[in-house]
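Reading through the structure tokens given below for one structure.
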Amino acid sequence: MSQVFVEAQHEGPSLRPGDLDLLDRLEAYWNPIKRLIQGMTTGLQRGIYLSGPAGIGKTFLVTKILNEIGADYRHHTVRISTPALFMEMMKLPYGIHIVEDIGSLLTSAMN
């Protein structure tokens, strides 16, 4: 990634020394995940389970890629119950479903 390109595209605070290296490492980290998401839209990948700390951009990255591809997907938050999620998945059985905080859904289903 060239510094000229980043500076031309960047509209936030000015970059500090080391930021470009960090951006390169972040891009290298997300590239395999991008390929998996793209594979779901072509049928090469049946699904993925993506976990990590809150606030690192998991949902942002996934929805950004799906929007760029023009994929048909549904985004479900933790506020949905297990039966309601099942009904939503039946409405789009071959589509892509982003389910946030699936652990709480599994816990509520067991109670």
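Since every read-out is calculated from the coordinates, none of them should be taken as a lab result. Just so it is clear, the model here is predicted, and its values are computed rather than measured.
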How high is the relative contact order of the range 36-97, given as a whole-number percent (alpha carbon pairs under 8 Å, six or more residues apart)? 32
Taking amide H positions as placed in the peptide plane 1.01 Å from N, state which residues far from HIS97 in sequence (5 or more) or on other chains have amide H under 5 Å from it. ARG74
Rounded to whole angstroms and listed largest first, the alpha-carbon spread of the range 28-67 along its three principal axes comes to 29, 19, 18
